[in-house]
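Let me begin by presenting the structure, written as structure tokens, before commenting on it.
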Amino acid sequence: MRRSSGRLVDLPGPLPPPHPFAAARLRIRLFGPLVVTYDGAPVRRPSRIDTERLWMRLLLGGSVPTPRATIATDLWPNVDAGPARTNLRFNLHHLHAALPPHDTVPWIIAGADTLHWNADAPAWIDLYAWADALARAAALVQDDGRGNGADAVPLPTEAADALTRAIDLQTAVLLPDHDGPWAAAWRDAAAAAHPVAVDRLVAHLATTGAMDAALAVSARAVDFDPLDETAHLRLITAHAAAGNRTAALQAYARAVDVLRDELGDEPSDELTALALSLHHEPESERGEAASTGAEGPAAAPSAGARVRSAADRRNASAQLQGRASDVEHIVARLATHRLVTITGPAGVGKSAVAEAVAAALEQADRPIAWLDLATFAPAHPLDRALDDAIRDTAPAADGPSAAEGAPDRVLILDNADRFVGALGRHAPDVIARAPDVRLLITSRRPLALIGEARWSVRPFGGPSVDRASTDSDGVTRAVFLAAWWEGAAASAAARPTPSPAQRAAIHAIAQAVDGLPLGLVVAAHAARTLGLEGVAASVAADPLAVVDPVTDDPRHRSLADALAWTIDLLDPGDLGWLHRLAALQGPLTAAGIESLAEASGTDPISALDALGRLVDAGWLLADGAGDGAGDGAGDGAGDGAGDGAGDGAAERTDGYRMPGIVRMLCAATPMP
């Protein structure tokens, strides 16, 4: 197990001991986006960014009286001394007004020439608790005769507990919304201390045989900083030490994808050597894995076992409702583009649309290969799977070649969300060396490649019991009824007709699941046993909790499962913005999001970039873009310009809508 000889504590300045958490009325979290509560209720951030910067500067100064001139220079380094002191007085006044009133002791001690945070005030600050835990761990190790920089293990129990506490508190980057040397010094110190603490604790846990705990700490460190190769190396080593070679290879595959996609780097020699050692397992293990299939999809010799049969695809597409226009336009795009990506929210039916496209292509005698990437382990050699699928659909040796008029082959890569980075590298190579192959991909995120055509599949509208069954709302009802009737009767004549009360229940269900086909099918299957009224009551309370009793697909048992499968693919920063936007009431607009960014001290351009990525991934929907029509975005030279879709170009809009189920998911999950 890797160890570090770095120092546990090397901070820019002293901090007071933390106020007891239970007794603290004011609680402040500085790791990650600023979160402040008073007596359990949220406290609004100061409306002025300079006021918040003054507050953060005082908190980082601890209880040490600091000259006002020093604080003014730190906060306004490019302003003359006189105006800087005026800024300080003005923002100090606003800070006093922004802090909750407290009569016992003041939050801030203001001397004639100095300022500092009052350590005796009933405030708990996570940074203070974190620094105290690190200091206690360092002191305990030093008292044990090993020295502050020693890496001997195991640690004293109290030291291990203190390290665990420090790591638990450091959930994100310190003060990510604030720059300036005064903030950067603390942020850099915290970032440097984190891997040292993790190394010490993981080494201790591995030495004491607590491998599950060591793996958990290592995995959290990777999530904390996905760009840190050392963190990936630590996790891979921990998996290998636990005897889980497959998990170690999966962790290696993730590390390679992150390093290449985000940094443009190749793995180091140390990381590559470790991966090679994992590939050379004993012959006995290799034979057992091959005979039992113990490693699941990653151990399969080729992709052929995952090519869905044409009969299965035709049966599935026969159940599809209301997507004829999507299918027609995607088939047309495959005639003019060699790379088409079907995007849309989780549960919108991207795979079902792809199945219908495959059935239409097969009726036209187009060779089809289908790979369900949801069955692939992250470490699966994707390039080999693509090669196998292309070879499996190659024209027969005695048949016509592409040059002689043989139809192009279509390789469908379903559920590609977790392989977007790898496909971004492999897809251009496939297109270049196999000129008769076209790629159709389903994913919540596009590949963002030049020449990629995108088609967005949108949710249906909620049905109205007073409208004809031929309109878009009637399609929603038809999707629900098709699933409700499925298997209930042999003939259409024997199918039950919904009563007015049942039609009203269907209307309520469709509204609760935001018109997502998966939600409609889950609710319809549940209604077979619970009844329509019972399911309507359940989805009204929590549409994420209703479970399909029929399916054996773990990703489609409920809307919660469908969302959970891809939410971990979001960048932590984008996930943070998703939570912020979920807390907003009223319509979402680009201008409003810019204002929110400015109020929180965030670069508006980066906020709008995050907004675009959330829209691309289906977490936000553009208002006014049509009911179910594709948006045609992403055609051409990668500039996002579409060529028009559906029966007319999608309407451009500045407004966005967050599905209610996404808001509920954010409310039920912690802020990153």
Worksheet item: Which value in nm describes the separation of the simple spin-label points at Leu449 and Ser47, placed 7 Å from the Cα toward the beta carbon?
Response: 5.1
Discussion item. Using the basic label-point model (7 angstrom from Cα toward the beta carbon), what is the Ala192 to Asp265 distance in nanometres?
Written reply: 1.8
Worksheet entry | Inter-probe distance in nm under a simple model that places probes 7 Å from Cα toward Cβ, at Phe90 and Gln363 | 7.0
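Every number in this text was worked out from the coordinates using simple rules, so none of it is lab data. What you see is a predicted model, and the numbers here were worked out from it, not measured in a lab. Note: ideal-geometry Cβ built from the backbone for every residue, glycine included; neighbour counts use all protein chains shown.
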